[in-house]
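First up is the structure itself, then whatever we jot down about it.
Just so you know, all these numbers are worked out from the coordinates, no wet-lab data involved. Since the structure is predicted, the reported quantities are computational estimates derived from the model, not experimental observations. As a convention, Cβ positions derive from the backbone with ideal geometry for all residues, glycine included, and neighbour counts pool all protein chains shown.
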Amino acid sequence: MRRHEENTPGTAVVHAHITDAIKAPDLVRLSPNTVLARFETLKVYAALGAVRTLRERGVIRPGQTLVDSSSGIYALALAMAAHRHGLRCHIVASTTVDATTRVQLEILGATIDQMPPSDDLRLDQERRVERVRELVAGRPDMHWMRQYHDAVHYAGYREFAALVAAALPGRELTVVGSVGTGSSTGGLVLPLRQHGLDARLVGVQPFGSVTFGSERFLDPEAIIAGIGSAIPFANVRHQLYDGLHWIDFRHAMAGSVALLRGHAVFAGLSTGAAHLAAQWEAARRPERTHLVIGADTGHRYAERAFARHREAPDPRTLKPHQITELADLRPPWSAMEWGRRPYSPGRPTGRI
């Protein structure tokens with residue numbers, strides 16, 4: 001990792017490309033048993049690992065166009081990976097992709113299709129997937145990266161796992177992070193477990209996501225891009241998760257504001273939600289080290305969330321509704337011991 005708890009002098013590294021400089025997170029201790037892995041953009045690991053692996057397999061070649069659907073941070077990561085490897089990039093962008101991200105994509109040379117404004121997450125995702133299918137059908141030079149479904153996106157996180165194992169030695173680690181496509185949390189925990197670490201995995205979901213059965217709820221303020229889904233994702237391996245937290249917008253905002261106020265860390269809403277969940281988990285299991293995955297910075301949430309910081313409740317006053325069945329799930333915050341069980345999104349939400 002670039003930073004450690006003791007600021008010892010080190011040798012400066014000159015990187016060949018910006019992706020090498022930003023892919024590894026900074027580690028920040030939040031409490032005696034909680035550490036934040038703070039990324040500028042987490043999905044650089046996924047994009048670099050996937051592109052490198054696909055090139056090694058001969059699936060993609062220099063000059064080819066990579067295409068995928070994204071709500072933001074994967075789009076930028078894929079554009080940077082394409083820039084590094086001499087590839088073209090086309091993004092079918094969610095309605096949630098902001099102007100700052102879009103202009104970076106354009107300058108990096110990516111071409112963009114952005115979906116029209118919509119408050120319907122399912123409609124937005126279905127439109128994006130349909131558009132990608134149209135593009136690939138008409139352009140044989142395009143390779144669909146399929147970040148939601150191709151397990152190649154797990155590959156890059158092995159490097160992150162090695163860094164975590166070296167920086168946080170010990171055998172009792174709890175990883176707390178947003179589920180999203182599944183590859184970041186799954187790609188981290190799988191190699192940790194394969195190397196014999198006691199790695200507990202706690203996933204964070206928004207209400208309204210089909211991934212872990214909360215699709216019957218609507219969070220009208222939800223703008224937590226990338227942590228849930230209105231359609232099933234094959235890269236989510238439900239049996240990897242030990243626990244789940246479903247968290248609404250206001251609680252995620254409370255976690256993000258508390259992180260900035262208490263630790264001077266400006267991170268996105270998915271990080272805020274994971275921070276809130278990790279605080280609760282760490283209090284219940286103080287003997288374990290809890291690693292919070294901070295996927296991105298807070299810049300794209302500045303106006304819609306951080307500007308409302310006076311509305312954010314004090315996290316110390318919040319606690320989840322503890323459930324044992326999905327039928328008992330309810331906003332604004334629910335927590336459940338998942339127990340590494342399989343699950344089929346879209347099935348009736350009863351006992352599992």
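Go ahead and set up a Gaussian network model of the chain, Cα springs under 10 Å, then flag whichever of Leu218, Leu259, Leu244 fluctuates most.
Leu218
In nanometres, what is the gap between the two model label sites at Asp198 and Gln114, each 7 Å from Cα along Cα-to-Cβ?
So the label points at Asp198 and Gln114 sit 4.9 nm apart.
Based on the alpha-carbon gyration tensor of the stretch 54-100 and its eigenvalue square roots a ≥ b ≥ c, which shape applies: rounded if a/c is under 1.5, prolate if not and a/b is larger than b/c, or oblate?
prolate
Among Tyr301, Tyr154, rank each residue by its count of other Cβ atoms within 10 Å, from fewest to most, as a rough exposure measure.
Details: Tyr301 26, Tyr154 23.
The order, fewest Cβ neighbours first, is Tyr154, Tyr301.
Two-decimal Rg/Rh of the stretch 102-246 from alpha-carbon positions, Kirkwood Rh?
1.01
Among Arg88, Arg158, Arg285, which one shows the biggest mean-square fluctuation in a GNM of the chain, springs joining Cα atoms closer than 10 Å?
Fluctuation is largest for Arg285.
Under Stokes-Einstein, with the Kirkwood radius over Cα pairs standing in for Rh, what whole-number D in µm²/s applies to the stretch 44-151 at 20 °C and 1.002 mPa s?
The estimated diffusion coefficient comes to 156 µm²/s.
Amide H of Leu87: which non-local residues (sequence gap of 5 or more, or other chain) have their own amide H closer than 5 Å, using H built in the peptide plane?
Gly63
How high is the relative contact order of the chain, in percent, with contacts defined as C-alpha pairs under 8 Å that are six or more residues apart?
Here the relative contact order equals 17 percent.
Based on a Kirkwood Rh over C-alpha pairs, give the Stokes-Einstein translational diffusion coefficient of the stretch 74-123 at 37 °C and viscosity 0.692 mPa s in µm²/s.
Diffusion coefficient, whole number: 291 µm²/s.
On each of the three principal axes of the Cα atoms of the stretch 255-317, give max minus min coordinate, whole Å, ordered largest first.
Rounded to whole Å, the extents work out to 38, 25, 16 Å.
Which of Val13, Val292 comes first, and how do the rest follow, when ranked by fewest Cβ neighbours within 10 Å? Kindly include the intermediate steps, with their values, before the conclusion.
Numbers: Val13 8, Val292 32.
Starting with the residue having the fewest Cβ neighbours, the order is Val13, Val292.
Give a residue-ordered list of calculated ³J(HN,Hα) values for the stretch 214-219 (Karplus: 6.51 cos²θ - 1.76 cosθ + 1.60, θ = phi - 60°; whole Hz; x for Gly, Pro).
10, 5, 7, 9, 10, 10
How far is it, in nm, from the label point at Val103 to the one at Ala264 when both lie 7 Å from their Cα along the line to the Cβ?
With each label point 7 Å from Cα toward Cβ, the separation is 2.8 nm.
As a test, work out the antiparallel percent of DSSP beta bridges whose residues both lie in the chain, rounded to the nearest 5.
Around 25 percent antiparallel, to the nearest 5.
For a label point 7 angstrom out from the Cα of Ile231 toward its Cβ, which stretches of the stretch 148-186 have the backbone nitrogen within less than 12 Å?
From the stretch 148-186, the list is 148-149.
Go ahead and run the numbers for FRET between Arg330 and Val129, Cβ-Cβ distance against an R0 of 41 Å, rounding to 0.05. The partial results should precede the final answer.
Details: r = 30 Å, r/R0 = 0.73.
In this case the efficiency is close to 0.85.
Could you work out [θ]222 nm for the chain from helices alone, using -39500 (n - 2.57) per DSSP H run of at least four and dividing by all its residues? Round to the nearest 500 deg cm²/dmol.
So the calculated ellipticity at 222 nm is -10000 deg cm²/dmol.
Using 7 Å Cα-to-Cβ label points, what is the His321/Val14 separation (nm, one decimal)?
5.9 nm
Regarding the chain, what whole-number volume in Å³ per residue does the convex hull of its Cα atoms give?
135 Å³
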